[in-house]
Amino acid sequence: MSKVKTVFEDCDILVVGGGMGGTGAAYEARYWGRDLKIVIAEKANIDRSGAVAQGLYAINCYMGTQWDENNPEDHVRYARNDLMGMVREDLAFDMARHVDSAVHKFEEWGLPLMKNEETGRYLREGKWQIMIHGESYKPIVAEAARKSADKIYNRIMITHLLMDDSKENRIGGAVGFNVRTGDYHVFRAKAVIVASGGASHIFKPRSVGEGMGRTWYAPWSSGSAYALCIDAGAKMTQMENRIVLARFKDGYGPVGAYFLHLKTYTQNAYGEEYESKWYDELKGMVGDYIDHEPRPTCLRNHAFIKEVAAGRGPIHMVTKEAFQDPHLEEVGWENFLGMTVGQAVVWASQNIDPKYTNPELTTSEPYVMGSHATCSGAWASGPEDIAPDEYQWGYNRMLTVDGLFGAGDTLGGTAHAFSSGSFTEGRLAAKAAVKYIRDLKTDKIEVSEKQYEDLKEEIFKPLENYAVGRNEITAGTVSPSYLLPLHGLQRLEKLMDEYCGGIGVNYMTNEPLLTRCIELLDILEEDLDHIGAENNHELMRAWELKHRLRTSQSVAQHTLFRKETRWPGYYYRGDHMKLDDENWHCLTLSQRDRKTGEWTMEKAPVYHIVD
Amino acid sequence: MPTFVYMTKCDGCGHCVDICPSDIMHIDKTTRRAYNMEPNMCWECYSCVKACPQNAIDVRGYADFAPLGHSVRVLREEEKGTIAWKIKFRDGREKNFLSPITTKPWGEAIEDLATLPVPEPDALDTQELCYEPDVLGYEGGVRTLKKGQLKQGVYY
Ligand SMILES: Cc1cc2nc3c(=O)[nH]c(=O)nc-3n(C[C@H](O)[C@H](O)[C@H](O)COP(=O)(O)OP(=O)(O)OC[C@H]3O[C@@H](n4cnc5c(N)ncnc54)[C@H](O)[C@@H]3O)c2cc1C
Ligand code: SF4
Ligand code: SF4
C-alpha cells in the first residue's frame, strides 16, 4: 500500500463523470463561477465516454416552444403518463423549460441537426424527438467541457465520496484511482456533482458468452452514480422502477425511429396484431391507465411478453413496406450506424435485409437508470420557484447531503430527460452548486487524513487479496480465498435475474423471492471483501462490481417495499399483481445508514403540479 | 462483435488504448501491438476503430449469435466532417452510407465562457441559465408555474 502514490487536487466544484450530465455541468459552472476551480474526474476519456460514446441519431427531448410545438407542461404530462403517474413534476418541468436552449447551443457548436425542408424547423422523429447526424455528439459536448473546466482527469474511477469532518452531512470531495497508473487520487471539493450514469449488468443479460458486452445500456454504466450517493447517505427514490426495452434481437438496436419516422409496426409470428388481445387483462390490472395516450411503454412491453409466453413468438417488426422507400431505408440503417453499430453487424452476419425480411424483436434484461422511460435515482431538491415545500431544501438538484448534486441518470423522478435533458440537468446542478459555494463564504471544508487513508486501504485491497491468494494455487482462475470480478458479476446477475425479476423468470418476483434476494446480496457483499484483482484494470472491474452490488441492494429493497405491480412489462409482484392507487400512488424513498448499513424505507407524496 | 487487431497493420501508437471507454484495448508486451484483452466487455462502439490511424482494427460479430463472413467498416474524417460506412453481408451483398459529423470546423464554434462579461451577482438567484432567455428563441422569458397553482400532494 505504501508504494501507491497519492495525488491531491483541491477544487471548488468536482464533477464525477464527464458524460452528458457532466459536460453540461462543467460548461454551466464556468459561466457562473468564473473564479472557481472546476474539475472533472472521468473513468474513461470524455471524448468517447458514457452512454453516448458511439453517438446518437436522435435527440429525444426537445420542446420546440419557439415554434409552438410543445410547452414544458406538455412534457410533464407525457412523462407522468408514461411512468404510470410517478414522476417528480417539478424537476420534469424545470428540465423541460431549459432543454431547448441546450439543443440550440449544440447546433451552434456544429452538431448536424436534420431540418424539415418545408418548414425549416428541426426534423421531427416524433412529438419529442428530433433527428440528428450525431456520430460526434459526444466529442462535441466534450470540447465544450474542455474549454470550461480547469482540469479534466481522464481514467480516474471514483470509488467513494468524501464527507466534511467539520460538519455533519456535508460533502467534502471524492476519492478514486487512476485505472492505468494505479495512483490514488484525493479530490477535496466544496461541491460535488455526481453525473456518473446508470447501470447495466445488474440483471443477467440475454447474451452471456463473448456477447455479454452487447447490453442495451453500455457495459461501462456501472451504477456508480447510485452507489456513490447511497454510501454518502443520500436518499434514493423509485429504485424499483427498472426498465425493460423492446429492441431488435441480439443487437438491441433502437426502435424509436422505426416506429415514429418509418412507421413500421409489430406483429406476432403468424402476422397478427397482438396488442389488442391483452387489453382486457391489462385493464383488469391497471384500470384506466391502459386507455392513456400514448400507451405507456411498460404496458406495450406487457403485451409483447405475454404474446411470446403464449407461444406466438417471435415478434417481428414489419419493415418490408417502409424499406421500399430508399430514403426510409437509409434512415433505418444510419440510425444503427449512428448509435448501435452492433445491430448492423448482426443483420449483415445473418443476411437480414429489412427490405426483404421483417426482423425479430426481443425484450431486454432490466436496466437501472434515470433518464429514459424510467426514473430511478437520487432524491433531489427542486427549483425554488415551483417545487412544493417537501421537495425543496435550498438548492436545485441538491441531494439530501449538503453540497452533493446530481444530474442525468443520477437523479430520481426525472424520466424522459435523455441526452439533452441530462446535459440540461448538469447545467442546472452546476448553477445551484455555484450558488451553494457563494453562500458557504469562508466556511472551510475539512477532510481528515484518516478518512482518506482508511479509504485508500479499502480501495487497493483487491490487489493485495490477489497477490496473497495467487501464491496458494498453481495456475488458473479458481482460488479458495478470492473471487475474480467476473465471478462476482456473474453471481450478482444470476441472483438478481432469478430473485428480483429478470428475463429468466419472465420479470416475476414476490416477497419471499425478494427477501431471499436481499440475503444473498448481503452474503455477496461479504464475499466482495475477498475480491481479487490482478492489475489496475481488474481493480476497476472490482469497484464497478461493488457499485453494482450496492445499486442492486437498493433495487431489491425498493421492489420489496412497493407492494403492487405499478409497471407491468417492467416487472411483476406475483403477490400483488394489480396496480394499487389506493395505497401506492406515491414515490418510494430509501436511505442506507452510513454506519450500520441498515436500510429505511418511506413513502413521499406525488405532487401533480400540472393539470 | 468484439474488436481485433491486424498484426501487419498496427504500429502500436496507442490511440485505441487512449479512447476505449471500456479500458480493454491494451498494448501486448511481447508484440508491442494493441489487442482487445476483454472481448466480453466490448460494446462494439467502434470508438477505437474510428480512432486508429492505420485502419488496423476490425470487428468480428460476437460468437454467440453472429455467423462469420460479414464486415462493417468505417472511415471517419474529421477534416472533411464526414463518416463513411461499408456493410458487407455474409452472402456478399454490400451497402454504403455517408453522413456528416459536424457542420463547423472542429472545436472553433465553441465559445470560451471565461471571456464573456461576468454575470451580475443577482442573476444567480434567477431561473436563467447561461445565454437565457435569448437562446430559448421565444418571447416572455423562462417559463414558470404559479405556486398557487400547485395541487395538493397525494399519497392515496
Ligand atoms: C443505445 C442507446 C440509445 C440511446 N438513444 C438516445 C437517443 O436517441 N436520444 C437521446 O436523447 N438519448 C438517447 N439515449 C440516452 C442517453 O444516452 C442518456 O440519457 C444520457 O447519456 C445520460 O447521461 P448521463 O450523464 O446520466 O450518463 P452518461 O452519459 O452515461 O455519462 C456517465 C459518465 O460517467 C462516467 N463514470 C461512470 N462511473 C464513473 C466513476 N465511478 N468515476 C468516474 N466516472 C464515472 C462514465 O464513464 C460516463 O462518462 C440512448 C442511450 C443508449 C445507451
Ligand atoms: S469497440 Fe468500443 S468497447 Fe470495443 S474495444 Fe473498441 S472502443 Fe473498446
Ligand atoms: S490505434 Fe491502431 S495502430 Fe494504434 S495501437 Fe491501436 S490498433 Fe495499433
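For A:Arg247, state whether it is over 30 Å from A:Val175 (Cβ atoms), surrounded by fewer than 24 Cβ atoms within 10 Å (Cβ to Cβ) and within 10 Å of chain B (Cβ to nearest Cβ).
no
Among the conditions (1) more than 11 Å from every other protein chain (Cβ to nearest Cβ); (2) out of contact with any helix residue (DSSP H, G or I) (no Cβ under 8 Å at 6 or more places or on another chain), A:His160 misses just one, which is (2). Between A:Leu123, A:Leu111, A:Leu91, the distinction of being free of Cβ contacts under 8 Å to residues at least 12 places away in the same chain and among the aliphatic types (A, V, I, L, M) belongs to A:Leu123 only. Looking at segment B:88-100, can you tell me whether even one residue there is part of a strand (DSSP E or B), within 16 Å of ligand 3 (Cβ to nearest atom) and within 17 Å of the chain's Cα centre (by Cα)? Taking every residue of segment B:88-100 in turn, none turns out to be part of a strand (DSSP E or B), within 16 Å of ligand 3 (Cβ to nearest atom) and within 17 Å of the chain's Cα centre (by Cα). For segment A:40-56, taking the residues that are more than 8 Å from chain B (Cβ to nearest Cβ) and either in a helix (DSSP H, G or I) or surrounded by fewer than 24 Cβ atoms within 10 Å (Cβ to Cβ) (or both), the one that is farthest from ligand 1 (Cβ to nearest atom) is identified as A:Ile46. Do we have B:Gly140 as more than 7 Å from chain A (Cβ to nearest Cβ), modelled with pLDDT of 95 or more and in a loop (DSSP other than H, G, I, E, B) here? When the stated conditions are applied, B:Gly140 does not pass them.
Is there a residue being charged (D, E, K, R), closer than 27 Å to A:Val555 by Cα and either modelled with pLDDT of 95 or more or in contact with a Phe, Trp or Tyr (Cβ under 9 Å, 6 or more places away or on another chain) (or both) anywhere in segment A:252-274? Scanning segment A:252-274 turns up no residue that is charged (D, E, K, R), closer than 27 Å to A:Val555 by Cα and either modelled with pLDDT of 95 or more or in contact with a Phe, Trp or Tyr (Cβ under 9 Å, 6 or more places away or on another chain) (or both). Among the listed residues A:Tyr482, A:Tyr499, which satisfies the condition of being more than 30 Å from A:Glu602 (Cα to Cα), touching a helix residue (DSSP H, G or I) at 6+ places or on another chain (Cβ under 8 Å) and modelled with pLDDT of 95 or more? Checking each option against the conditions leaves just A:Tyr482.
Restricting attention to segment A:218-236, the residues that are within 14 Å of chain B (Cβ to nearest Cβ) and outside any loop (DSSP other than H, G, I, E, B) add up to 2. Identify all residues within segment A:542-569 that are outside any helix (DSSP H, G or I) and more than 18 Å from A:Asp288 (Cα to Cα); write none if there are none. Those that are outside any helix (DSSP H, G or I) and more than 18 Å from A:Asp288 (Cα to Cα): A:Arg562, A:Lys563. Listed by position, the strands (runs of 3 or more DSSP E) inside segment A:104-188 whose residues that are more than 16 Å from ligand 2 (Cβ to nearest atom) and over 24 Å from A:His547 (Cβ atoms) number at least 2 are A:130-134.
Of the residues making up segment B:12-40, those that are outside any loop (DSSP other than H, G, I, E, B), more than 17 Å from the chain's Cα centre (by Cα) and either more than 9 Å from ligand 3 (Cβ to nearest atom) or surrounded by fewer than 22 Cβ atoms within 10 Å (Cβ to Cβ) (or both) are B:His26, B:Ile27, B:Tyr35, B:Asn36, B:Pro39, B:Asn40. Residue pairs, Cβ under 7 Å, 6 or more apart or interchain, first in segment B:3-28 and over 17 Å from A:Thr181 (Cβ atoms), second of a type in the set (Ser, Thr, Tyr) and buried (at least 17 other Cβ atoms within 10 Å of the Cβ). List them. Hits for this filter: B:Val5/B:Tyr35; B:Ile19/B:Ser47; B:Pro21/A:Ser49; B:Pro21/B:Ser47; B:Asp28/B:Tyr35.
Being of a type in the set (S, T, N, Q), more than 11 Å from chain B (Cβ to nearest Cβ), touching a residue at least 12 places away in the same chain (Cβ under 8 Å) and buried (at least 24 other Cβ atoms within 10 Å of the Cβ), is that true of even one residue in segment A:391-398? It would help to see each step written out before you state the result.
Quick first cut of segment A:391-398, residues of a type in the set (S, T, N, Q) only: A:392, A:396.
Still in the list and also more than 11 Å from chain B (Cβ to nearest Cβ): none.
Looking through segment A:391-398, none of the residues is of a type in the set (S, T, N, Q), more than 11 Å from chain B (Cβ to nearest Cβ), touching a residue at least 12 places away in the same chain (Cβ under 8 Å) and buried (at least 24 other Cβ atoms within 10 Å of the Cβ).
Being at the interface with chain B (Cβ under 10 Å from one of its Cβ atoms), part of a loop (DSSP other than H, G, I, E, B) and either in contact (Cβ under 8 Å) with a residue 12 or more places away in the chain or under 26 Å from A:Val447 (Cα atoms) (or both) is not true of A:Arg30. Applying the selection to segment B:74-92, what residues are more than 7 Å from chain A (Cβ to nearest Cβ) and either in contact (Cβ under 8 Å) with a residue 40 or more places away in the chain or farther than 29 Å from A:Lys115 by Cβ (or both)? Matches in segment B:74-92: B:Gly92 only.
The condition (being within 15 Å of ligand 1 (Cβ to nearest atom), in contact (Cβ under 8 Å) with a residue 40 or more places away in the chain, surrounded by fewer than 20 Cβ atoms within 10 Å (Cβ to Cβ) and within 14 Å of chain B (Cβ to nearest Cβ)) is satisfied by just one residue among A:Arg180, A:Arg214: A:Arg180.
The values are calculated or read from the model by the stated rules, or taken from the named source; none is laboratory data. Since this is a predicted model, take the numbers as computed values, not measurements. No Cβ is skipped: glycine too gets one built from the backbone with ideal geometry, and neighbour counts run over all protein chains shown.
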